[in-house]
Structure formats: C-alpha cells, structure tokens
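Let me begin by presenting the structure, written as structure tokens, before commenting on it.
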Amino acid sequence: MSVIETMSNEVASTSVSRRHFIQGAAAAGAAVALPVAGVVGAGAASAAQQTLRVSIGKIANPVAPFTTADAGSLQILCCVGEYLAFSDDKAELAPRVAESWKGSAGGKVWTFKIRKGITFHDGSKLTADDVVWTFKSHLTASNKSQSIGKFNGILDINGVEKVDQNTVKFTLLSAVGTFPSLLSSTSYGLLIMKNGESGAAGWENTMNGCGPWILDTYTKGTQCTFVKNENYWDAKRQPSFDKLTTTVFESQEAAVAQLVTGKLDAVTGVTPATAAKINKSKAELVKVPSAGHISTHLRCDFGPFSTDKRIRQAAGLTLDREAFIKSVLKGQALLANDSIMDAFATKDTSVPQRKKDIAKAKALMSAAGSKGFNVDLSSYHRDDIDALAPFLKASLAEIGINVTLKLADSYYTAPWDARQSKKVENNYWLESNFGITDWGHRGTPVEILTRAYKSTGDWNAAHFASAKFDAAADEYITATTPAKAKAASKKIQEICLDETPYFMVYFETRTSVVRKGLKGFYTNGMGQFESAGASY
C-alpha cells in the first residue's frame, strides 16, 4: 500500500472528522443530512434579501487588533475596520485609508498620504493622529501586540511620525523594498484604530473601526451581526445589503448544508475535497492563489532532528509532494519546495525541486548514524492539518522514523510571546520537536523570514539559527530591485533545502463556495473577504 493510500485510510478511519461533523450538525440542524453534490445552490435568493450571511473560520482569540491570530477574527476585523491598503484577490494593494504612498532614501523612508473624509463608527474623523497612534501602539512592547515581531529590526516607535493632518512618515531602521505590504491587510491586526483606544481584548465590545460594517451583536466565538455603515467613505463600495452575519461552523459540511437550504450565502475557506463535491451548475467556487501554507517545523537545537542536518534532509526526501497535491488536494494547490520563497515572483526557478527519494534518504540516515527513532508530531485539529499529519506520519515511517500524532483541540496554549529557550518537549507549538502550524497569506515573505526563520524570530518554532541564513534574509528584505531580490531568494531557497528547518508541501488555493447569483464576493489570499460590493 502506498503512502498516499495509507494516509487516506487513516484520515477515513479517524474519529476526529466525524466528531467535528457532529458538532457542526448540532448547529446546523437537520440540514446536514442533505447530500452535498448536486444540490448546493438549490433555490434562488430573494430579490428582497437584506442580509448577507457568511460562514467564517474558527475564532480562537479575542477579536481585537492586538490579539487577532486566527481565521475568524481576522475576517471580522476586515468587516469593521480599514487598513492603509487592502490586499485584493490578485494580491495587489488597493489604497484604502492611505490614498497613496512613496518610498525614498533607498527604501528606508516611506511617506503615506491619508485619505480625507473617513470617519470612525462613533462619528469622529480619521486623521494622521489615528494612524500614528495605531502603529505606535503595536510597537509598544507592553501592549503585547501580535504584530510587533514583524517589525523587529525594521521599525521602532521612534520611526513613526506625523508630518501634517493627512501625512504620516515611517523612517525605518533598515531599508525594506516591500514595506507597504507590511502595513496592509495581510498584517491583519493593523487596521487603523482611533487615537487613544486600546487594541487589546475588550476592543471587540465596540469594534470602533471605519469599515463598511458596524457591529450590532457579538456572541463570543460563534456569531457576529453587523449593520451597514451609512457613512462609509467609499461611494463605489457601499454595501448593497442592510445587514451582515458571520457564523463559525465546526464542520464545512454543516456550513455547506446551510448554504443548500438558503440559510447561508457564502462559505469561506473550504478544502479542495469539499470543493470537489460541489455541483458547479448550482453553486460557484471562487478561487484565489495564495502564499498561505501549513508549516511543519523540525526543531534544530533539541530533540531527534537536531543531532545532524542529514536526518532532516532524509525526512524531507520521504515526502511525495506531487502525489499529495494531486490525490488529497485534487490539484488545488501550488507545489512548494520547503521554502516560503516558492510562493513569490522573486523565486529562483533554477533551484531543484525536492522530490521523494527513499534510497537517498536511507543513505543519509545511515551516514548520520541513525536507524530511526520515535517522535511526536504536535498540532491541532483542522481539516487540512488532519489530512497532512497522517501523510507525514506514513512518509517518515519509510525510513524508521515512527511518528505519534498529538493533535489537540488547542495548540497555542501558552502566551504568544512566551517562546522558551529551555529545551523541552511539551507538545506546544514553539517548544515541540516536530510540529505543524498554519500561516496565512502574506503579500511579501518579509514577515515570515523575520519571525519564523531568522535566529531572532519570535515565532521561530524550529529554533533555527544560522548567520548565513540571517544575512541572506537581510539581503532580500533590503532589496530594492527584482534582480537583487531574486539573487537573495536563491540563497534562501538553497539554505532551506540544505538545513531543512521546515517542511513546506504546498501553498493554498483559497476557495469559497457562494450561492448561484451572488456577485462581487471574494476572499483574498489571507481569507479576508470583500463583501461591500457583493449583491444578487
């Protein structure tokens, strides 16, 4: 039996997916008994429908700028808030709070013109003071913002300056050629806050943003209702619906079944397996390529993968990435090569693709003096992780690495800023020997390089430390031309294959299901959805 067949059997036999389906069914009622294929989209939307109803991702953290770190909360924030720029479905930056920007001093200084005529939901006008407050708040260590780590070595609180009521200047610690992307919606906590307000837990009680939707009610972790912002600044994107509801489902099947019965208009973030069942004559699939991915770390300073990089290389050679994408993801993903760089246009295509080679893997294990070992694979239950984890388990078994799956309901149990230097295995994300986490789309690899790969990264789960890599990453980050970025990317790609601190099997194709006739609704690569222009 092949690895893919073994993995498929394990996914089919596990109780996890069934348990999640039952939980979703409880929320959806009898609708889950309906078959998916052939009936999705049945029934026409009423021309008089006034509420847009959307299924969103799980909410695990407070829906607030400092604390957001999951699919559901970031999707809510994009409804009530606005960013300097919004990353659209083509991964292009659309001006929002900032109407324009320009770089100078070789990418070390960036100036943003702030749009006039924007008001917060409480009626106050948005000015440069609010923009400065927002970024200084995120850069203040005591606020414990999830976003502070992305600016490590790039920007500090002294570099944010009001020029006038409609101009803000950022003076960087080091040049960054793609700096506007770091301030956009793909840095999902950085929506513009009102001057003086805290972005910590508690912000979700009012959600005082300046976006197209105003908070009506919030049931923690499950559902939000919003009303249209009658004073929304963008006349071309005024919502055509009077209300919006966002609901969290434990099961995609349950959410799709609600769409079947006309109780939902869109289901975001469906897996390729679910998408493959959809009758496209009765519902529409909205697909967006992304740099979103599931990252598997192999801890480099402690545990069985740390003794010799050849063991990590061998493990990487057990993975049949192409077969996984074809069979499990139904071809709906971009092949990765164990590097974040593969998702971006600056990738150097001359770097060879890593392919499955068990003979070479066994030779590397032997050269490293390893006959195999036991190791836990730590993560949490989610549809895509529940598929990838048994694939990794079955693959590594071919060279004597025996993997025990430790998939919890919650993986991020310790404080986000509590990366430990002690060498332990406690099955927590930043301390586990072997673990899986998810990364949403980014418009540039800069944040992932600084936080997950560089030796100073606060989310460096692999505990990877390489002066050679740090220098290559800095070369990429400061690059101001495509040629320089590509040259640095090649170095990064080659180091990643040599050191193998992470597995990266594929990059996601973001897919949503919408009822037939719904137009103008899409998610970007991050999963944030555009609903202001949606209509039947």
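The values are calculated or read from the model by the stated rules, or taken from the named source; none is laboratory data. Since we're looking at a predicted model, the values are computed, not measured. Using ideal geometry, Cβ is built from the backbone for each residue, glycine included, and neighbour counts are taken over all protein chains shown. Just so you know, the surface numbers come from the protein's heavy atoms only, side chains and all, with ligands and any DNA or RNA stripped out. Shrake-Rupley method; radii C 1.70, N 1.55, O 1.52, S 1.80 Å.
For the reader, a short list of remarks on this structure follows.
- Enumeration of residues in the range 337-362 that are out of contact with any Leu (no Cβ under 7 Å at 6 or more places or on another chain), basic (K, R) and either open to solvent by less than 10 Å² (accessible area, probe 1.4 Å) or part of a helix (DSSP H, G or I) (or both): K362
- Members of the range 103-129 that are more than 12 Å from K162 (Cα to Cα) and of a type in the set (K, R): K108, R115, K116, K125
- Hits in the range 365-389 (condition: more than 20 Å from I311 (Cβ to Cβ) and either under 16 Å from the mean Cα position of the chain (by Cα) or in a loop (DSSP other than H, G, I, E, B) (or both)): S379, Y380, H381, R382, D383, D384, I385
- Every residue from the range 512-536 that is open to solvent by 10 Å² or more (accessible area, probe 1.4 Å) and under 15 Å from G72 (Cα atoms): E530
- Scanning the range 486-510 for residues that are open to solvent by less than 10 Å² (accessible area, probe 1.4 Å) and of a type in the set (V, I, T) yields I492, T500, V505.
- Scanning the range 285-336 for residues that are in contact with a Pro (Cβ under 9 Å, 6 or more places away or on another chain), closer than 13 Å to F507 by Cα and open to solvent by less than 10 Å² (accessible area, probe 1.4 Å) yields one hit, A291.
- Between K194, K236, the distinction of being out of contact with any Ser or Thr (no Cβ under 8 Å at 6 or more places or on another chain) and open to solvent by 50 Å² or more (accessible area, probe 1.4 Å) belongs to K236 only.
- Count of the range 64-74 residues which are modelled with pLDDT of 95 or more and either open to solvent by 10 Å² or more (accessible area, probe 1.4 Å) or more than 19 Å from G443 (Cβ to Cβ) (or both): 2
- Residue satisfying condition, being on the phi < 0 side of the Ramachandran plot, in contact with a His (Cβ under 9 Å, 6 or more places away or on another chain) and either of a type in the set (S, T, Y) or not in a helix (DSSP H, G or I) (or both), within set S137, S145: S145
- Hits in the range 159-207 - residues which are β-branched (V, I, T), outside any loop (DSSP other than H, G, I, E, B) and closer than 15 Å to P95 by Cα: T167, V168
- Subset of the range 87-109 [open to solvent by 10 Å² or more (accessible area, probe 1.4 Å) and part of a strand (DSSP E or B)]: L93, A94, P95, E99, S100, W101, K102, G103, S104, V109
- Scope the range 460-482; condition outside any loop (DSSP other than H, G, I, E, B), open to solvent by 30 Å² or more (accessible area, probe 1.4 Å) and over 24 Å from K309 (Cβ atoms); matching residues: P482
- Checked against (1) surrounded by 18 or more Cβ atoms within 10 Å (Cβ to Cβ); (2) at pLDDT below 95; (3) not in a loop (DSSP other than H, G, I, E, B), G269 meets all criteria but (3).
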